[in-house]
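Colleague: My questions all concern the structure below.
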């Protein structure tokens with residue numbers, strides 16, 4: 001078995017338990033949300049890959065790959081001499097990502113069902129994780145596991161959020177309630193919706209050297225991207241109900257008000273603060 005296959009073969013046993021803790025619903029509906037989110041993030045993620053030194057011939061792993069959009073971009077960047085492997089705990093999402101790979105004709109990418117907390121082995125040049133660490137109970141341990149998959153001199157690239165940065169203009173009670181429910185739903189699964197603010201410190205405390213980072217935020221006045229917060233509210237509904245954080249009736253009202261707010265051309269809707277960071281292992 002190849003080293004990259006060994007790196008993902010051990011993750012499948014714990015994938016189910018991780019999926020149960022995750023605050024955002026998956027499946028086909030979850031994939032539609034991920035498509036929109038990837039569309040929003042793609043320009044800055046590609047800039048990040050370039051800054052972090054992703055090059056032709058690299059072997060890459062995308063941990064918690066979701067819809068696989070970044071996996072496919074990594075595969076395109078590393079070219080035929082390289083390879084990108086996406087790992088996610090949601091079998092339905094992985095199957096849909098595989099369909100996208102076939103439709104795009106990207107032959108040097110593959111997708112596997114697995115759990116970031118059980119990664120093992122491997123000699124990757126690049127490991128990448130987007131919006132993963134804010135959803136796990138012990139992010140330091142997950143970082144250590146991912147670093148164990150890298151070869152000496154390999155690069156870890158991470159993106160995550162500081163949810164306290166979210167805002168809308170003007171202020172709106174429905175959005176405020178959404179922010180509260182999202183943070184509580186993530187916390188119920190053991191995560192921290194504001195992990196992004198400590199991401200640089202987390203990486204600097206690891207085995208990485210020369211850690212670099214940047215922080216940015218996007219604000220939308222119109223178009224589909226303005227709907228990302230409302231769509232996210234839809235996808236956390238099962239977790240909110242499961243943890244009895246709000247009723248069906250309240251969720252329906254929040255979604256209705258968020259829809260009306262986003263449709264108003266005079267309003268603004270901001271994303272969370274995004275934090276990007278990367279560093280290298282000693283070679």
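Colleague: Quick check on the stretch 29-182: take the gyration tensor over C-alpha atoms, sort the square-rooted eigenvalues as a ≥ b ≥ c, and tell me if it's rounded (a/c under 1.5), prolate or oblate.
Modeller: Values: a/c = 1.75, a/b = 1.50, b/c = 1.17.
Prolate is the answer for the stretch 29-182, as a/c is 1.5 or above and a/b outweighs b/c.
Colleague: Relative to the longest principal axis of the chain, what angle (0 to 90°, nearest 10) does the C-alpha long axis of helix 91-104 take?
Modeller: Once rounded, one gets 70 degrees.
Colleague: Moving on to the next point. Which of 210, 90 has the fewest other C-beta atoms within 10 Å, and how do the rest follow up to the most?
Modeller: On the way: 210 10, 90 26.
Going from sparsest to densest Cβ surroundings: 210, 90.
Colleague: Right, here's the next one. Just to confirm the number: angle between the C-alpha axis of helix 69-78 and the first principal axis of the chain, 0 to 90 degrees, nearest 10?
Modeller: Once rounded, one gets 30 degrees.
Colleague: For the chain, what is the calculated [θ] at 222 nm in deg cm²/dmol (nearest 500), taking -39500 (n - 2.57) for each run of four or more DSSP H residues and dividing by its residue count? It would help to have the intermediate numbers written out before the result.
Modeller: Working: 10 runs with 126 residues, N = 283.
Helix-only estimate at 222 nm: -14000 deg cm²/dmol.
Colleague: Mind checking the angle between helix 228-242 and the chain's longest principal axis? C-alpha axes, 0 to 90 degrees, to the nearest 10.
Modeller: Approximately 90 degrees, to the nearest ten.
Colleague: At a temperature of 4 °C and a viscosity of 1.567 mPa s, determine how fast the chain diffuses translationally according to Stokes-Einstein, using the Kirkwood radius over alpha-carbon pairs as Rh; express D in µm²/s, rounded to the nearest whole number. Walk me through the numbers on the way to the answer.
Modeller: Details: Rh = 19.0 Å.
In µm²/s, the coefficient rounds to 68.
Colleague: Counting residues in the stretch 151-204 as N, plug N into 2.2 N^0.38 Å and put the Cα Rg over that result.
Modeller: Working: Rg = 14.9 Å, N = 54, 2.2 N^0.38 = 10.0 Å.
With N residues counted in the stretch 151-204, Rg over 2.2 N^0.38 Å equals 1.49.
Colleague: Among 223, 82, 154, which one shows the highest mean-square fluctuation when the chain is modelled as a Gaussian network with alpha-carbon springs under 10 Å?
Modeller: The residue that fluctuates most here is 223.
Colleague: Give me 242, 33 ranked fewest to most by other Cβ atoms within 10 Å of their Cβ, as a rough exposure proxy. If you can, show how the numbers build up before the last one.
Modeller: On the way: 242 13, 33 20.
Going from sparsest to densest Cβ surroundings: 242, 33.
Colleague: Same structure, new question: Which residue fluctuates the most in the chain, going by a Gaussian network model with Cα springs under 10 Å, if the choices are 233, 41, 258?
Modeller: Highest fluctuation of the listed residues: 41.
FYI, it's all coordinate maths here, none of it is from the lab. These numbers come from a predicted model, not from an experiment. With ideal geometry, Cβ positions are generated from the backbone for all residues, glycine too; neighbour counts draw on all protein chains shown.
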